[in-house]
1. Which residue pairs have Cβ atoms under 9 Å apart, sit 6 or more places apart or on different chains, and have a first residue in the stretch 63-81 that is on the phi < 0 side of the Ramachandran plot and part of a loop (DSSP other than H, G, I, E, B) and a second that is surrounded by 13 or more Cβ atoms within 10 Å (Cβ to Cβ) and modelled with pLDDT under 80?
2. If you scan the stretch 41-58, which residues turn out to be in a loop (DSSP other than H, G, I, E, B) and either surrounded by 18 or more Cβ atoms within 10 Å (Cβ to Cβ) or touching a strand residue (DSSP E or B) at 6+ places or on another chain (Cβ under 6 Å) (or both)?
3. Could you grab me the full set of residues in the stretch 17-28 that are in a loop (DSSP other than H, G, I, E, B) and either crowded, with 16+ Cβ neighbours inside 10 Å or at pLDDT below 90 (or both)?
4. Can you tell me which residue is modelled with the highest pLDDT among those in the stretch 62-71 that are more than 13 Å from residue 24 (Cβ to Cβ) and in contact with a strand residue (DSSP E or B) (Cβ under 9 Å, 6 or more places away or on another chain)?
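The values are calculated or read from the model by the stated rules, or taken from the named source; none is laboratory data. In this text the structure is predicted, and so the values were computed from the model without any measurement. Glycine also receives a Cβ, built like all others from the backbone with ideal geometry; neighbour counts cover every protein chain displayed.
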């Protein structure tokens with residue numbers, strides 16, 4: 001798994017995973033440095049799967065539905081959240 005490899009098309013890959021932060025959504029729709037997106041919208045179609053992260057921190061399921069509608073892709077979209085299990089030293 002490589003972070004930020006989505007835009008490096010020369011890298012051989014088996015699977016393209018696009019991550020979206022549920023708290024931040026698509027931001028203002030602009031690419032870095034003006035916005036939070038690393039890829040333009042027309043490149044999202046290369047995703048084999050989309051994972052919406054931090055869903056436990058998002059406002060509601062309506063936010064999730066809005067994100068799914070905005071993505072306009074034909075691949076599986078999954079929700080992901082962190083849940084602490086225990087504290088340790």
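1. 81/58
2. Within the stretch 41-58, 47, 54, 58 meet the criteria.
3. 22, 23, 24, 25, 26, 27
4. Filtering first and then ranking leaves 71.
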